[in-house]
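These notes are about the structure you will find just below.
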Amino acid sequence: MDLIELSNISKVYAQGDQPILVLENVSLSVTTGDFIAIVGPSGSGKSTLMNMIGLLDVPSSGSYILDGVATEKLSDNQMAELRNKKIGFIFQQFNLLPKLTAVENVELPMIYAGYDKKRRREIAHATLESLGMGKHGHHRPNQLSGGQQQRVAIGRALAISPSLMLADEPTGALDSKTGIEVLDLLMELNEKGNTIVLITHDANIAKHAKRVISIRDGRIVGDERMISLNYRPIGVKV
(Lines give C-alpha, C1' and ligand atoms only; values in the text may rest on other atoms or scores of the structure.)
Protein backbone atom coordinates (compact mmCIF):
# COMPACT_ATOMS: atom_id res chain seq x y z
CA MET A 1 0.00 0.00 0.00
CA ASP A 2 1.31 3.45 -0.91
CA LEU A 3 1.64 5.70 2.11
CA ILE A 4 2.80 8.67 0.02
CA GLU A 5 1.51 9.48 -3.47
CA LEU A 6 2.86 12.63 -5.09
CA SER A 7 1.56 13.29 -8.60
CA ASN A 8 3.04 16.01 -10.85
CA ILE A 9 3.98 18.27 -7.95
CA SER A 10 5.36 21.66 -8.92
CA LYS A 11 6.30 24.57 -6.69
CA VAL A 12 6.82 28.14 -7.84
CA TYR A 13 7.99 30.93 -5.55
CA ALA A 14 7.62 34.60 -6.42
CA GLN A 15 10.83 36.58 -6.18
CA GLY A 16 9.93 40.12 -7.14
CA ASP A 17 8.47 39.94 -10.63
CA GLN A 18 10.41 36.79 -11.43
CA PRO A 19 8.81 33.40 -10.63
CA ILE A 20 11.27 30.76 -9.41
CA LEU A 21 10.44 27.16 -10.30
CA VAL A 22 11.78 25.01 -7.42
CA LEU A 23 10.01 21.70 -8.13
CA GLU A 24 8.82 20.60 -11.57
CA ASN A 25 6.33 17.77 -12.13
CA VAL A 26 7.63 15.55 -9.34
CA SER A 27 5.84 12.20 -8.98
CA LEU A 28 6.77 9.80 -6.22
CA SER A 29 5.16 6.88 -4.40
CA VAL A 30 6.41 5.46 -1.09
CA THR A 31 5.14 2.13 0.21
CA THR A 32 4.28 1.60 3.85
CA GLY A 33 7.32 0.16 5.65
CA ASP A 34 9.89 1.47 3.18
CA PHE A 35 13.03 3.44 4.01
CA ILE A 36 13.96 5.95 1.31
CA ALA A 37 16.61 8.61 1.08
CA ILE A 38 16.10 11.74 -1.00
CA VAL A 39 19.54 12.97 -2.00
CA GLY A 40 20.70 16.03 -3.91
CA PRO A 41 23.06 19.02 -3.71
CA SER A 42 22.16 22.37 -2.19
CA GLY A 43 19.54 24.10 -4.31
CA SER A 44 18.31 20.86 -5.87
CA GLY A 45 14.82 21.18 -4.39
CA LYS A 46 15.10 18.39 -1.81
CA SER A 47 14.24 20.68 1.13
CA THR A 48 11.18 21.97 -0.71
CA LEU A 49 10.18 18.39 -1.47
CA MET A 50 10.59 17.55 2.22
CA ASN A 51 8.31 20.45 3.12
CA MET A 52 5.68 19.12 0.72
CA ILE A 53 5.88 15.60 2.12
CA GLY A 54 5.79 16.96 5.67
CA LEU A 55 2.74 19.17 4.99
CA LEU A 56 4.80 22.22 5.90
CA ASP A 57 4.12 23.79 2.50
CA VAL A 58 1.62 23.31 -0.29
CA PRO A 59 2.35 22.73 -3.99
CA SER A 60 1.57 25.25 -6.69
CA SER A 61 0.11 22.40 -8.73
CA GLY A 62 -0.24 18.64 -8.57
CA SER A 63 -1.69 16.36 -5.91
CA TYR A 64 -0.50 14.75 -2.69
CA ILE A 65 -2.24 11.84 -0.98
CA LEU A 66 -0.91 10.90 2.47
CA ASP A 67 -2.12 7.62 3.95
CA GLY A 68 -5.26 7.78 1.84
CA VAL A 69 -6.04 11.44 2.55
CA ALA A 70 -6.04 13.92 -0.38
CA THR A 71 -4.38 17.05 1.00
CA GLU A 72 -4.99 19.67 -1.71
CA LYS A 73 -8.22 21.06 -0.31
CA LEU A 74 -7.46 20.83 3.40
CA SER A 75 -7.62 23.97 5.51
CA ASP A 76 -4.58 25.07 7.51
CA ASN A 77 -6.11 23.59 10.67
CA GLN A 78 -6.91 20.31 8.94
CA MET A 79 -3.39 20.21 7.54
CA ALA A 80 -1.92 20.77 11.00
CA GLU A 81 -4.12 18.05 12.49
CA LEU A 82 -3.14 15.55 9.79
CA ARG A 83 0.54 16.45 10.18
CA ASN A 84 0.41 15.95 13.94
CA LYS A 85 -1.31 12.56 13.63
CA LYS A 86 0.61 11.12 10.71
CA ILE A 87 4.16 12.53 10.69
CA GLY A 88 7.02 12.41 13.16
CA PHE A 89 9.83 14.89 12.44
CA ILE A 90 13.54 14.45 13.15
CA PHE A 91 15.66 17.57 12.59
CA GLN A 92 19.37 18.19 12.11
CA GLN A 93 19.58 20.51 15.13
CA PHE A 94 17.30 18.32 17.29
CA ASN A 95 14.89 21.23 18.07
CA LEU A 96 14.47 20.17 21.70
CA LEU A 97 13.09 22.75 24.12
CA PRO A 98 15.98 23.60 26.47
CA LYS A 99 13.92 24.12 29.62
CA LEU A 100 12.16 20.75 29.34
CA THR A 101 13.50 17.36 30.38
CA ALA A 102 13.90 14.52 27.90
CA VAL A 103 10.59 13.03 29.03
CA GLU A 104 8.81 16.37 28.69
CA ASN A 105 10.23 16.89 25.19
CA VAL A 106 8.97 13.48 24.11
CA GLU A 107 5.56 14.32 25.56
CA LEU A 108 5.08 17.46 23.42
CA PRO A 109 3.33 15.96 20.36
CA MET A 110 1.08 13.96 22.65
CA ILE A 111 -0.02 17.16 24.40
CA TYR A 112 -1.06 18.59 21.03
CA ALA A 113 -2.82 15.31 20.22
CA GLY A 114 -4.86 15.50 23.44
CA TYR A 115 -3.35 12.60 25.40
CA ASP A 116 -3.97 12.78 29.15
CA LYS A 117 -0.98 13.42 31.41
CA LYS A 118 -0.68 9.89 32.81
CA ARG A 119 -0.81 8.23 29.40
CA ARG A 120 1.69 10.54 27.74
CA ARG A 121 4.12 10.19 30.66
CA GLU A 122 3.93 6.39 30.45
CA ILE A 123 4.47 6.44 26.67
CA ALA A 124 7.36 8.92 26.95
CA HIS A 125 9.18 6.79 29.54
CA ALA A 126 8.60 3.59 27.54
CA THR A 127 9.78 5.24 24.32
CA LEU A 128 12.98 6.57 25.88
CA GLU A 129 13.62 3.16 27.44
CA SER A 130 13.29 1.49 24.03
CA LEU A 131 15.89 3.92 22.64
CA GLY A 132 18.42 3.28 25.40
CA MET A 133 17.62 6.58 27.10
CA GLY A 134 15.63 5.29 30.08
CA LYS A 135 18.16 6.61 32.61
CA HIS A 136 18.19 10.09 31.09
CA GLY A 137 14.51 11.00 31.19
CA HIS A 138 15.01 13.71 33.80
CA HIS A 139 17.95 15.33 31.99
CA ARG A 140 17.62 18.56 30.04
CA PRO A 141 19.15 18.88 26.55
CA ASN A 142 22.28 20.71 27.77
CA GLN A 143 23.03 17.71 29.99
CA LEU A 144 23.03 15.31 27.05
CA SER A 145 25.48 14.57 24.24
CA GLY A 146 24.54 15.26 20.64
CA GLY A 147 23.74 11.60 20.01
CA GLN A 148 21.61 11.43 23.15
CA GLN A 149 19.74 14.58 22.11
CA GLN A 150 19.01 13.05 18.71
CA ARG A 151 17.69 9.90 20.41
CA VAL A 152 15.33 12.08 22.44
CA ALA A 153 14.27 13.81 19.21
CA ILE A 154 13.63 10.41 17.62
CA GLY A 155 11.60 9.48 20.70
CA ARG A 156 9.53 12.62 20.26
CA ALA A 157 8.90 11.66 16.63
CA LEU A 158 7.88 8.12 17.63
CA ALA A 159 5.63 9.08 20.54
CA ILE A 160 2.38 9.33 18.57
CA SER A 161 3.10 6.20 16.49
CA PRO A 162 3.17 8.18 13.22
CA SER A 163 2.55 6.67 9.81
CA LEU A 164 5.69 8.41 8.54
CA MET A 165 9.00 9.47 10.07
CA LEU A 166 10.58 12.37 8.17
CA ALA A 167 14.27 12.87 8.96
CA ASP A 168 15.95 16.06 7.71
CA GLU A 169 19.77 15.62 7.72
CA PRO A 170 19.49 13.74 11.05
CA THR A 171 23.25 13.20 11.37
CA GLY A 172 24.36 16.63 10.15
CA ALA A 173 25.16 17.99 13.63
CA LEU A 174 26.86 14.80 14.84
CA ASP A 175 30.37 13.37 14.60
CA SER A 176 30.80 10.45 12.24
CA LYS A 177 30.71 7.71 14.91
CA THR A 178 27.57 9.08 16.54
CA GLY A 179 26.02 9.65 13.14
CA ILE A 180 26.44 5.97 12.27
CA GLU A 181 24.82 5.03 15.59
CA VAL A 182 21.81 7.22 14.75
CA LEU A 183 21.57 5.71 11.27
CA ASP A 184 21.72 2.22 12.76
CA LEU A 185 18.87 3.20 15.06
CA LEU A 186 16.79 4.43 12.12
CA MET A 187 17.46 1.15 10.32
CA GLU A 188 16.33 -0.80 13.39
CA LEU A 189 13.14 1.26 13.57
CA ASN A 190 12.49 0.58 9.90
CA GLU A 191 12.97 -3.16 10.47
CA LYS A 192 10.22 -2.88 13.10
CA GLY A 193 7.86 -1.47 10.48
CA ASN A 194 8.37 2.30 10.63
CA THR A 195 8.24 4.11 7.27
CA ILE A 196 11.17 6.53 7.01
CA VAL A 197 11.96 9.28 4.50
CA LEU A 198 15.44 10.70 5.02
CA ILE A 199 16.63 13.93 3.38
CA THR A 200 20.38 14.32 2.82
CA HIS A 201 23.02 15.78 0.53
CA ASP A 202 25.46 12.98 1.42
CA ALA A 203 25.50 9.80 -0.69
CA ASN A 204 27.29 7.93 2.11
CA ILE A 205 24.32 8.65 4.39
CA ALA A 206 21.80 7.83 1.67
CA LYS A 207 23.25 4.36 1.07
CA HIS A 208 21.86 3.21 4.44
CA ALA A 209 18.33 3.42 2.99
CA LYS A 210 16.55 0.72 0.99
CA ARG A 211 15.78 3.09 -1.87
CA VAL A 212 17.53 6.26 -3.06
CA ILE A 213 15.73 9.07 -4.88
CA SER A 214 18.09 11.55 -6.57
CA ILE A 215 16.85 15.07 -7.21
CA ARG A 216 18.50 17.82 -9.22
CA ASP A 217 17.19 21.17 -10.45
CA GLY A 218 13.76 20.42 -9.03
CA ARG A 219 13.33 17.11 -10.85
CA ILE A 220 13.76 13.47 -9.88
CA VAL A 221 16.69 12.18 -11.92
CA GLY A 222 17.22 8.79 -10.28
CA ASP A 223 15.27 6.17 -8.37
CA GLU A 224 17.25 3.11 -7.30
CA ARG A 225 16.36 0.18 -5.09
CA MET A 226 19.43 -0.82 -3.06
CA ILE A 227 20.80 -4.37 -3.11
CA SER A 228 21.28 -5.36 0.51
CA LEU A 229 22.89 -8.10 2.57
CA ASN A 230 21.40 -8.42 6.06
CA TYR A 231 19.90 -5.01 5.42
CA ARG A 232 23.26 -3.35 4.83
CA PRO A 233 23.14 -1.59 1.44
CA ILE A 234 26.29 -2.20 -0.55
CA GLY A 235 26.08 0.43 -3.27
CA VAL A 236 24.44 3.64 -4.36
CA LYS A 237 24.39 5.58 -7.59
CA VAL A 238 23.52 9.27 -7.63
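The values are calculated or read from the model by the stated rules, or taken from the named source; none is laboratory data. All values reported here derive from a predicted model rather than from experimental measurement. Neighbour counts run over all protein chains shown; Cβ positions are idealised from the backbone, glycine included. For accessibility, only protein heavy atoms count, side chains too; no ligands or nucleic acids. Shrake-Rupley method; radii C 1.70, N 1.55, O 1.52, S 1.80 Å.
Before anything else, pin down the relative contact order of the range 8-65: Cα pairs under 8 Å, at least 6 apart, normalised by residue count, whole percent. Reported relative contact order: 41 percent. Label separation (E191 vs N77): 4.4 nm, computed from points 7 Å beyond Cα along the C-beta direction. Only beta bridges with both residues in the chain are counted; by DSSP, about 60 percent of them are antiparallel.
The HN-Hα couplings worked out from phi for the range 6-13 by the Karplus form 6.51 cos²θ - 1.76 cosθ + 1.60 (θ = phi - 60°) are 9, 10, 6, 7, 10, 9, 10, 10 Hz, whole numbers, x standing for Gly and Pro.
Multiplying the residue separation of I111 and Y13 by 0.36 nm and removing their Cα-Cα distance gives an extension gain of 31.9 nm.
Per atom type, the chain shows carbon and sulfur on 48% of its accessible surface, probed at 1.4 Å. Rounded to whole numbers, the Karplus 3J(HN,Hα) couplings from phi for the range 162-169 are x, 6, 9, 10, 10, 10, 9, 6 Hz, using 6.51 cos²θ - 1.76 cosθ + 1.60 with θ = phi - 60°, and x at Gly and Pro. Solvent-accessible surface of the range 60-171, taken per residue with a 1.4 Å probe and all protein chains present: 50 Å².
Estimated from helical segments only, the mean residue ellipticity of the chain at 222 nm is -10000 deg cm²/dmol, where each DSSP H run of four or more residues counts as -39500 (n - 2.57). Fully extending the segment from S145 to D202 would add 18.2 nm, taking 0.36 nm per residue of separation and subtracting the current Cα-Cα distance. Inter-label distance, S130 to I180: 2.6 nm, where each label sits 7 Å from its Cα along the C-beta direction.
Here the Karplus curve 6.51 cos²θ - 1.76 cosθ + 1.60, taken at θ = phi - 60°, turns the phi angles of the range 16-23 into couplings of x, 8, 10, x, 10, 8, 9, 10 Hz, with x standing for Gly and Pro. The label point for K99 and the one for V69, both projected 7 Å from the Cα toward the Cβ, are 3.1 nm apart.
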